[in-house]
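Please treat every number below as a calculation from the coordinates, not as lab data. Note that the structure is predicted; figures quoted are calculated from it, not measured. Positions of Cβ are backbone-derived with ideal geometry, glycine not excepted, and every protein chain shown enters the neighbour counts.
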Amino acid sequence: MQGSAAARLAADGRWWRIAGRFYLVIGYLFLVLPIATMIVFSFQKGQFASIPGQGWTFGWYGKLFEDGSLIEALQNSLIVSPLAATGACVIGFFAAYAVNRYRFRFRGAFTVLLVLPILIPPLILGVGFLGLLARIGLQGQLLSVLLTHMVIIAAPAMAVIQLRLGQMPPALEEAAWDLGATEFQTLYKVVLPFAFPGIAGGWLLAFTFSFDEFIIAWFVSGFDPTLPVAVYAYMVGSIDPSLNAVGSIVFAISLLSLIGVELLLLPLLLSRRKEAD
């Protein structure tokens with residue numbers, strides 16, 4: 001009886017493993033198939049996507065660079081998003097450190113004020129930012145997109161950094177003070193290294209939000225559109241595989257960036273693990 005029960009449990013476990021792997025494959029296909037389809041259609045000769053295709057060509061990539069509007073918009077996004085993510089992480093780090101480190105009046109109101117921009121509908125924010133920037137003469141510039149994006153992505157960056165700082169024992173700072181470190185030295189040599197994973201995660205999240213943001217950028221960008229705004233304007237006028245081409249280029253940039261980060265960080269992590277051993 002015990003042998004048959006064990007065999008039945010083993011068989012059930014095997015079927016659960018098969019079902020789990022099947023579910024995993026379906027999930028990856030669901031994620032990868034749209035990207036693969038976009039890349040394939042970017043090389044298709046016909047203007048409208050069809051299966052089977054009408055041949056293969058690099059012409060849509062050539063048209064993309066000849067026209068230049070989408071490439072220029074991509075360059076604008078690659079300028080704005082890293083700068084906005086960096087500024088948002090600086091604001092988010094000091095805000096998260098203040099909330100975790102100090103107890104002061106209106107601390108809850110201060111936290112709500114920082115989170116408020118992501119709670120307001122983007123359409124309302126876009127109209128408000130447009131009116132404000134028009135008053136101070138900054139409307140229709142790439143700087144406008146940078147400033148507005150810093151405002152709206154500081155909150156998610158702060159949330160990730162605050163989660164990391166919440167894991168730091170207060171005794172670490174106290175030990176540094178006891179050893180003669182100033183508050184600035186403690187912040188630079190103790191708090192920042194501990195918070196670095198949270199800062200890196202917050203930066204990546206903020207960069208993604210900024211790169212994909214459309215509504216507010218549409219209101220304030222003017223004649224210097226970011227990529228989502230340029231794609232929208234392009235789709236209103238015409239639809240051709242040049243959009244698939246620029247999407248494939250963005251995917252390639254993202255993939256190469258991820259590989260580069262892995263190649264840079266993996267040796268560093270392995271060396272630290274060897275030192276710890």
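Couple of notes before you dig in:
- Put a dot 7 Å past the Cα of Ala109, heading toward its Cβ, do the same for Trp177, and the two dots end up 2.7 nm apart.
- Normalised by the number of residues in the range 74-276, the mean separation of alpha-carbon contacts (under 8 Å, six or more apart) gives a relative contact order of 33 percent.
- Averaging the Cα positions of each part gives two centres, and for the range 93-143 and the range 156-191 these lie 25 Å apart.
- Scanning the chain for chymotrypsin sites (Phe, Trp or Tyr not before Pro) that sit in a DSSP loop and have at most 13 other Cβ atoms within 10 Å, the longest stretch containing none of them is 107-222.
- Stretching the chain fully between Val127 and Phe214 yields a gain of 30.0 nm (0.36 nm per residue, less the alpha carbon separation).
- Site pair Phe30 and Ile18 shows an inter-label distance of 2.2 nm when each label is modelled 7 Å from Cα along Cα→Cβ.
- The phi torsions of the range 197-206, fed into the Karplus equation with coefficients 6.51, -1.76 and 1.60 and a -60° offset, translate into couplings of x, x, 5, 5, x, x, 5, 5, 5, 5 Hz, rounded to whole numbers, with Gly and Pro shown as x.
- When exposed loop sites are taken as trypsin sites (Lys or Arg not before Pro) in a DSSP loop with at most 13 other Cβ atoms within 10 Å, the longest stretch of the chain clear of them is 106-277.
- Between Phe251 and Ile118, the distance separating the two model label sites (each 7 Å from Cα on the Cα→Cβ line) works out to 2.8 nm.
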